[in-house]
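*Asks:* Got a structure here, written out as structure tokens. Questions coming.
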Amino acid sequence: MSLGAAEGESTAEEIHIPADIEWQMLDKSKFFFLGAALFSGVSAALYPMVVLKTRQQVSQSRVSCVRTGVWIMRYEGIRGLYRGFGTSLTGTIPARALYMAALEVTKSNVGTTATRLGLPEPSAAAVANAAAGVSAAVAAQVVWTPVDVISQRLMAQGGGSGGGGVKYANGVDAFGKILRADGIRGLYRGFGISILTYAPSNAVWWASYSMAQRVVWSGVGCLLCRNGEERVENGGLRPDAKAVMAVQGVSAAMAGGVSALITMPFDTIKTRLQVLDGEDNNGRKGPSFGQTVRNLVREGGWTACYRGLGPRCASMSVSATTMITTYEFLKRLSAKNQEALT
């Protein structure tokens, strides 16, 4: 689903955007292998922001992101910013594989169906991206929720930031203790709220990303293209790789900020549920969804649901920009017919 037709209507000269790379055009083995390597690197770079967000969300008092970061560095060192990273990385690879497969298959099928039903290309693209975001989020959470439960408990236990009395030596130790205390249900604590958080978040993000690209191209696309513009045979402009990457990055950051703001309360509640459940040494059951909401409101009013918003917005915007440029680069590297992309 190329953006070229839509942008051609809003600029003096048509902008020929490189065509989308569909699922059937990809070399699957290369796609998953390179994807695991690329996204592992991205996850490592962004992980400290996730730790800061989690510490703020489980804290029972309002502490700024800067103070939290300084406290961690002073008492725990750089290692404190990477608590639970090994566990997170182990789960990231299969979760990402499921995510990317569900995303591309759904986007391709829904996009084709929407176009056949007569939807305009921009609307079909937005619908396909939203549906793909939902299916990808649900598929990934099957693997990711247990990993998220373990890694967030490891993140939260450092330095008395919250998380109760049980202490874990590492991810394997946490897995065993949670399983013995609460069974499989303990590892899937917050699965429902995770779906409520990530499914709408992904739907909003992918739909927003699709629409933001069109807005950005219509507004500044021509200016970007003219910096080293390249003409095509039938007229118009073809943006170079830097222009395409810049538009993708800006669009992803915009979509990430919107998605973070909308879904922040769900993410805070989810984190509290996953971290605080099963942590009581006296055998008392962890808080329910309703109790968690009441505790948050009692601690700081409804704004308590937005604790960690700064790190989350920054994390999601930076992550979205990095992820989408990496993802588009990955798809181009994995395309079977490289000549057809030029």
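The values are calculated or read from the model by the stated rules, or taken from the named source; none is laboratory data. Small disclaimer: the values here were computed from a predicted structure and weren't measured. Every residue, glycine among them, receives a Cβ derived from its backbone with ideal geometry; neighbour counts consider all protein chains shown. Note: areas computed on protein heavy atoms with side chains; ligands, DNA, RNA excluded. Shrake-Rupley method; radii C 1.70, N 1.55, O 1.52, S 1.80 Å.
*Asks:* Mind listing just one residue for me: the one in the stretch 85-100 that is in contact (Cβ under 8 Å) with a residue 60 or more places away in the chain and within 11 Å of Gly35 (Cα to Cα) and, of those, nearest to the chain's Cα centre (by Cα)?
*Replies:* My answer is Arg96.
*Asks:* Scan the stretch 259-268 residue by residue and report those that are out of contact with any Lys or Arg (no Cβ under 8 Å at 6 or more places or on another chain) and open to solvent by less than 10 Å² (accessible area, probe 1.4 Å).
*Replies:* Scanning the stretch 259-268 gives Ser259, Thr263.
*Asks:* Let me ask something additional. Tell me, yes or no, whether the stretch 120-133 has at least one residue that is touching a Phe, Trp or Tyr at 6+ places or on another chain (Cβ under 7 Å), open to solvent by less than 50 Å² (accessible area, probe 1.4 Å) and among the aliphatic types (A, V, I, L, M).
*Replies:* yes
*Asks:* Which residues, taken from the stretch 112-127, are within 19 Å of Gln213 (Cα to Cα) and either in a loop (DSSP other than H, G, I, E, B) or of a type in the set (Gly, Ala, Ser) (or both)?
*Replies:* If the condition is that a residue be within 19 Å of Gln213 (Cα to Cα) and either in a loop (DSSP other than H, G, I, E, B) or of a type in the set (Gly, Ala, Ser) (or both), then Leu119, Pro120, Ser123, Ala124, Ala125, Ala126 are the ones that fit.
For (1) more than 13 Å from Ala320 (Cα to Cα); (2) over 22 Å from the mean Cα position of the chain (by Cα); (3) at pLDDT 85 or above; (4) open to solvent by less than 30 Å² (accessible area, probe 1.4 Å), each residue gets a yes or a no:
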{"site": "Ser201", "(1), (2), (3), (4)": "no, no, no, yes"}
{"site": "Met211", "(1), (2), (3), (4)": "yes, no, no, no"}
{"site": "Trp217", "(1), (2), (3), (4)": "yes, yes, no, yes"}
{"site": "Leu224", "(1), (2), (3), (4)": "yes, yes, no, no"}
{"site": "Asn227", "(1), (2), (3), (4)": "yes, yes, no, no"}
{"site": "Lys242", "(1), (2), (3), (4)": "yes, yes, no, no"}
{"site": "Ala253", "(1), (2), (3), (4)": "no, no, yes, no"}
{"site": "Gly257", "(1), (2), (3), (4)": "no, no, no, yes"}
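*Asks:* Right, next: Quick one: would you say Thr90 is in a helix (DSSP H, G or I), within 30 Å of Cys305 (Cα to Cα) and not hydrophobic (A, V, I, L, M, F, W, C)?
*Replies:* yes
*Asks:* Six or more apart or on different chains, Cβ under 7 Å: which pairs go from a residue in the stretch 122-135 that's under 21 Å from Trp217 (Cβ atoms) to one that's of a type in the set (Ser, Thr, Tyr)? Could you list them?
*Replies:* Listed pairs, sorted by first residue: Ala124/Thr115; Ala125/Ser210; Ala126/Ser210; Asn129/Tyr209; Asn129/Ser210; Ala132/Thr106.
*Asks:* Hey, among Val247, Val275, which residue is modelled with pLDDT of 80 or more, over 25 Å from Ala97 (Cα atoms) and either assigned to a helix (DSSP H, G or I) or of a type in the set (Val, Ile, Thr) (or both)?
*Replies:* Just one listed residue meets the conditions, Val247.
*Asks:* So which residues in the stretch 166-207 are outside any helix (DSSP H, G or I) and either touching a residue at least 40 places away in the same chain (Cβ under 8 Å) or more than 25 Å from Arg83 (Cβ to Cβ) (or both), if there are any at all?
*Replies:* Val166, Asn170, Tyr188, Arg189, Gly190
Conditions tested, residue by residue: (1) open to solvent by 40 Å² or more (accessible area, probe 1.4 Å); (2) at pLDDT below 85; (3) in contact with a Lys or Arg (Cβ under 7 Å, 6 or more places away or on another chain); (4) in a helix (DSSP H, G or I).
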| residue | (1), (2), (3), (4) |
| --- | --- |
| Asp280 | yes, yes, no, no |
| Thr292 | no, yes, yes, yes |
| Ala304 | no, yes, no, yes |
| Pro311 | no, yes, yes, yes |
| Ser317 | no, yes, no, yes |
| Thr322 | yes, yes, no, yes |
| Tyr327 | no, yes, no, yes |
| Ala340 | yes, yes, no, yes |
